[in-house]
Structures are given as C-alpha cells and as structure tokens.
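Below is one structure, written out as structure tokens; the observations come after it.
The values are calculated or read from the model by the stated rules, or taken from the named source; none is laboratory data. Since this is a predicted model, take the numbers as computed values, not measurements. Note that each Cβ is placed from the backbone with ideal geometry, even for glycine, and that neighbours are counted across all protein chains shown.
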Amino acid sequence: MEMTIIEGKDFAAAKLSEEDYELIEFKNCSFQDCDLSNISFSDCIFTGCNLSLVTIANTKFQDCEFIDSKLLGLRFDEINTILMDFSFTRCVILNCHFSNLELKKFKFEGCQINECDFFGTNLESASFKECDLNKSVFRECDLKKVDFSTAKNYDIDINFNEISKAVFTLPEATNLLRSLDIVLK
C-alpha cells in the first residue's frame, strides 16, 4: 500500500471520528486542542505538525514517527500501550507525561524535551541523542544502556534511577553529581 499524504489541514478543536488511520503522512497539520481519544494510528508520520493540548486517552500509536513537530501537554501515560511504537526526531516536546510506560529502545533524537515527566518509565536502551532535557524529571526509571552521550541539561538523581551502562559524556555528566549534596571544585 502507498502512503497517503494529508497536508496543511487544520483539525484544531475537532473530535476526529474513532477509526483507524493507516499509512498516512500528516504534513504541516494542526491538531491543537483536538480530541484523538480512542483512535488508532498505524504506520503514520506526523511531519511539522502542531499537537498542542491534544487529548490522547486510549489512542494507539503503532509504528508512528513524529518529525519536526510540536507536542505540548500530551498525556502519553494515558495511551493504549498494545503494540505501542513511536519515535521523535527534532521535535519540541513540552510538559508531556511519559510515566509508567515501556519505552525500551525508543528514539528521541534532536528534540527539545522540556518539563516532561518520566516516572517509573522503562527507557532501557533508548536514545536521547542531541536532546535538551531542561527541567524534565526522571524518577524510578530504568535508564540502563540509555544513550545520553550528546544530551544536555539533564537532571537525573542517581539514587532513584537505575543507570547502569547508560552512556554520558563530560562535561555534561557532572550533572549526575547534583543529587549527592557535595561540593565540586
């Protein structure tokens, strides 16, 4: 099957019909304040889209990509997790919740991920390459083998997260010492 392209459409403040969307690339579309609850997206790409304040309760994302898009205030912790698989490339992700999800091997690359919550999230072997994680919180997360090598502004409490074999680089890795209540000279 060939991918269908929907370009420049404004879905803002709408309730999309509860159906399956498959093999669709949404380009430069606005979903701001849209209710996407109970909708299934499979093999879809969201390029240059505005997904601010979108409701995604029980929404299914299977083999989906978000590229150069804005995601503000989304509750990923409320989505349908069956066969869940998605990635983010060069996205602005603000005030989103990723708590209690299995995000093993997920890709967040080149993203601004600010003020997001990762509580009890399994991110084993995930990638945060070239990401700015300013004011994002990681608490009781599995961060084993996560690639933070080119990430910046992370604040990870090593006492409350599993970080074995995670990859960090200097000088940014000194952020890991913040939780130890020590003086670094």
Test: residue in segment 122-135 that is within 17 Å of Cys64 (Cα to Cα), outside any loop (DSSP other than H, G, I, E, B) and not aliphatic (A, V, I, L, M): yes
Unmet criterion (only one of (1) within 19 Å of Ile79 (Cβ to Cβ); (2) crowded, with 17+ Cβ neighbours inside 10 Å) for Ser17: (2)
Check on Phe86, within 18 Å of the chain's Cα centre (by Cα) and touching a residue at least 24 places away in the same chain (Cβ under 8 Å): yes
Filter result (of a type in the set (Asp, Glu) and in a strand (DSSP E or B)) within segment 66-83: none
Residue in segment 27-38 that is under 17 Å from Arg90 (Cα atoms), aromatic (Phe, Trp, Tyr) and at pLDDT 95 or above present: no
Search result, residues across segment 1-55 that are assigned to a loop (DSSP other than H, G, I, E, B), under 21 Å from the mean Cα position of the chain (by Cα) and polar (S, T, N, Q): Asn28, Gln32, Ser37, Asn38
Top-ranked residue of segment 163-177 - restricted to ones that are polar (S, T, N, Q) and not in a loop (DSSP other than H, G, I, E, B), ranked as modelled with the highest pLDDT: Thr174
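Listed here are the residues, each with its yes/no results for (1) of a type outside the set (S, T, N, Q); (2) closer than 17 Å to Phe88 by Cβ; (3) at pLDDT below 95.
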site	(1), (2), (3)
Glu115	yes, yes, no
Gly120	yes, no, no
Asp132	yes, yes, no
Arg139	yes, no, no
Asn161	no, no, no
Ser179	no, no, yes
Val183	yes, no, yes
Residue, surrounded by the most Cβ atoms within 10 Å (Cβ to Cβ), within segment 137-162, restricted to residues that are assigned to a loop (DSSP other than H, G, I, E, B) and β-branched (Val, Ile, Thr): Val146
